[in-house]
1. Output yes when any residue across the range 481-491 is free of Cβ contacts under 8 Å to residues at least 60 places away in the same chain, under 23 Å from the mean Cα position of the chain (by Cα) and part of a helix (DSSP H, G or I), and no when none is.
2. Quick check: anything in the range 468-475 assigned to a loop (DSSP other than H, G, I, E, B) and at pLDDT below 95?
3. Taking the condition farther than 30 Å from Arg66 by Cα and in contact with a Phe, Trp or Tyr (Cβ under 8 Å, 6 or more places away or on another chain), does Gly398 pass?
4. Every residue in the range 275-329 that is in contact with a helix residue (DSSP H, G or I) (Cβ under 8 Å, 6 or more places away or on another chain), of a type in the set (Gly, Ala, Ser), over 16 Å from Arg405 (Cα atoms) and surrounded by 17 or more Cβ atoms within 10 Å (Cβ to Cβ), please.
5. Given the structure, is Tyr165 aromatic (Phe, Trp, Tyr) and either over 26 Å from the mean Cα position of the chain (by Cα) or at pLDDT 95 or above (or both)?
6. If we keep just the residues of the range 203-237 that are of a type outside the set (Phe, Trp, Tyr) and assigned to a strand (DSSP E or B), which is surrounded by the most Cβ atoms within 10 Å (Cβ to Cβ)?
7. Among the residues of the range 188-202, is any part of a helix (DSSP H, G or I) and open to solvent by 80 Å² or more (accessible area, probe 1.4 Å)?
Amino acid sequence: KMERRGSWKRGWRHAFAPHTWKQHLNSKERVVALVALMCLASVVWVAVLHWRQEVGYWQQLEGLVRQERAARVQATQEALLLRDRAQEQVLHLQKDLAKVTQQRDLTTRDVQGSDRACPTCPNLPSPSPPLHCPPSASSASSTLALASDSVPLEEWRPDYKIYVYDLPAEFNSDLKRDQRRCINDQYGTEIMFHENILKHEVRTLDPLEAEFFLVPLYGECFLFRENQRAGKEALKITNKWFRRALQIVTQEHPHWNRTQGRDHVFVFAGARGPHIFQDWKKHIKKSIFLTPEGDRSLSEQFNTWKDVVIPGLENEPSFTSGSNREKYSASQRNIFAFFRGTIHNKGGASYSRGLRIKMEAQLRDKKDVVFSEQTPDCDRKCYRDSMARSVFCVCPRGWSPWTLRAYQAMMSGCIPVIIADEIEFPYENAIDWRELTIKISEVNAERTYEILKSISNETIHKKREAVDRVWRMVAWQTPTIHGDAFHSTLRELGRKRRNFKASSYVFWT
């Protein structure tokens, strides 16, 4: 063994010794060989640098998530303590209220016994009717707040207007023309939403009648191009690009300062949300974001009060038309649980918090389960067909909680199984996601098969019916139809309207 090791060392020394190069190569060949070695070393160095940069970015986010989760647990414990104290106070108030009610009833009987009850209480000049008077019919009208919510989505029409800024083509249409990938990518909602608004009745050319102002920036598309061109400098270039667009909006138009951007809408179509604009907190923090990622553990990138979670873009016609869900009946769905996608990422255990690797080991031997990486023998058509034949579609988190897979599952009639603790769903005001999905905690991910097997056939049937009722709400259909993802997003956006609009730049007497 030592002799072999010595011979290897002598061989390497001989190969790279100066006299060897002089003996076998002339000076020009030696220069070419040296340059080739330097180029190879540079390529390896750049590849390692990019790999470490990407993995480091997600590991940093993972650290922030852990800190946020610890803070959230502590806040939950404090909230439970406050709730217990509040419940004690409520019990005391209920006892006091019971005493007051008893005294009121005694007083009412005395008044009625002496024939002093009023026959037409609403005509009394007093600020409120006597306790024994029945309430007027008009008081019931207060229960009809948010009347538009009672209208079925298929019949709903927007009762507000959106003004769309006419920005230079470098901020939108040029990117679509040069980066065709952006149209079909899951982040293509930034293009889809803009183009649908331009053709829809909700658009207005008069900014004075607008409730919202759309700033049509294709940020994810621009960043994708700059990643190819500039590598690690891409985010800095993207930041300057956003600032140029905002300079046009704020300096060439008067609408921004009216509310400091509170009624301005930006579409951030990727998992990083507004973080692709590094200065977003400084410039657009008060604006409305449409984003697929509602993970509030990643700092302030999502605010339930003003922002809207939207489904990612899936534009495969067999998904969006509903034809994929109609391929097989319930009895023909012979795959119990299905997942096909990335499991072993270059980020190692940081990717998916290691959940997919653990689940693969747990489900590998289950004959009625498909849980694997993408394989050459199963193309996109095979992927869609497998979903259509599945009862449950497993949707574990990746780098972030949201996944397009859940919406593909709904469009295939498959029940989504969500394994992402911090996920925020679209349209939570309109959809009770507990009725149509399964959500399993990340700590129980390895028990997924056991948990799914414990679900009764009756529950499975009810969840599938719930999926059938709302699947169109996550489908970005072309052309748009009432009830699809575009109209559902418009309806959610309408909830963000304000009757009173002002900013630190607005004054009155």
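The values are calculated or read from the model by the stated rules, or taken from the named source; none is laboratory data. It should be emphasised that the depicted structure is a prediction, and the values quoted were computed from it without experimental measurement. Here the Cβ is made from the backbone with ideal geometry for all residues, glycine too, and neighbour counts use every protein chain on show. Heavy atoms of the whole protein, side chains included, go into the accessibility calculation; ligands, DNA and RNA do not. Shrake-Rupley method; radii C 1.70, N 1.55, O 1.52, S 1.80 Å.
1. The answer is no, given that none of the residues of the range 481-491 is free of Cβ contacts under 8 Å to residues at least 60 places away in the same chain, under 23 Å from the mean Cα position of the chain (by Cα) and part of a helix (DSSP H, G or I).
2. No - not one qualifying residue is present in the range 468-475.
3. No: the conditions fail for Gly398.
4. Ser297
5. Spelling it out, Tyr165 is indeed aromatic (Phe, Trp, Tyr) and either over 26 Å from the mean Cα position of the chain (by Cα) or at pLDDT 95 or above (or both).
6. Out of the qualifying residues, it is Leu214.
7. No: the range 188-202 contains no residue that is part of a helix (DSSP H, G or I) and open to solvent by 80 Å² or more (accessible area, probe 1.4 Å).
Residue by residue, here is whether (1) within 24 Å of Thr320 (Cα to Cα); (2) open to solvent by 10 Å² or more (accessible area, probe 1.4 Å); (3) in a helix (DSSP H, G or I) holds:
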site: Arg353; (1), (2), (3): no, yes, yes
site: Cys393; (1), (2), (3): yes, no, no
site: Trp399; (1), (2), (3): no, yes, no
site: Ala409; (1), (2), (3): yes, no, yes
site: Asn429; (1), (2), (3): yes, yes, no
site: Val443; (1), (2), (3): no, yes, yes
